[in-house]
Ligand SMILES: Cc1cc2nc3c(=O)[nH]c(=O)nc-3n(C[C@H](O)[C@H](O)[C@H](O)COP(=O)(O)O)c2cc1C
């Protein structure tokens, strides 16, 4: 079974913890975990995998987390080919304090990897999230899994479980979960 590459960018450790939780759920033998800050060199790291879970929290006003900035810029210039790759996105945000730009980073990653040829899966209903605005909604759904450890940490575990269930349709390594 092909391994899943989990790559995350996290400033205060929230998305990192989520990434570790996801790895635990999937099983360590079925995935490799990369910190964008410590383990990422270039797009070839991503391209080793046909199945990717990419985590990115949102900072500034709807911006991607710092460790994703340069990689995204480089990929925009170099245009590596992600056709044949299946990608699902997750990331932390704050629907109250930053509810006007809720999890904006997910939309940025979505658009960029889609433009590079990837198949983006794992869109999540906006139902149950309270926020003012988000640039991460396409066709009425979040493009990935938003998690809010500031206001709704009690919902995180179930949200991850529901999302992994949803991903089974596109990630063969998850079918046995
Ligand atoms: C200065 C600042 C700006 C932020 N901007 C946003 C934002 O635009 N949208 C959002 O959803 N969350 C925003 N947040 C909330 C963070 O995304 C949230 O705290 C998250 O849990 C951080 O995850 P990390 O530790 O993985 O980086 C912001 C937080 C701070 C402190």
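Every number in this text was worked out from the coordinates using simple rules, so none of it is lab data. No experiment lies behind these values; they were computed from the predicted model shown. Positions of Cβ are generated from backbone atoms using ideal geometry, with glycine treated the same way; all protein chains shown enter the neighbour counts.
Quick notes
- Which of 77, 103 has the fewest Cβ neighbours within 10 Å, and the rest in rising order: 77, 103
- The range 9-81: C-alpha gyration tensor shape, a/c 1.5 cut-off, then a/b vs b/c: oblate
- Amide N of the range 111-130 lying under 19 Å from the label point, which is placed 7 angstrom from the Cα of residue 83 along Cα→Cβ: 111-121
- Estimated inter-spin distance, residue 35 and residue 69, nm [label 7 Å along Cα→Cβ]: 1.9
- Of all DSSP beta bridges in the range 4-174, antiparallel share, percent nearest 5: 20
- Rounded, prolate or oblate (a/c below 1.5 giving rounded, otherwise prolate when a/b exceeds b/c) for the chain by Cα gyration tensor: rounded
- Cα gyration tensor, the range 69-128 - rounded (a/c under 1.5), prolate or oblate: oblate
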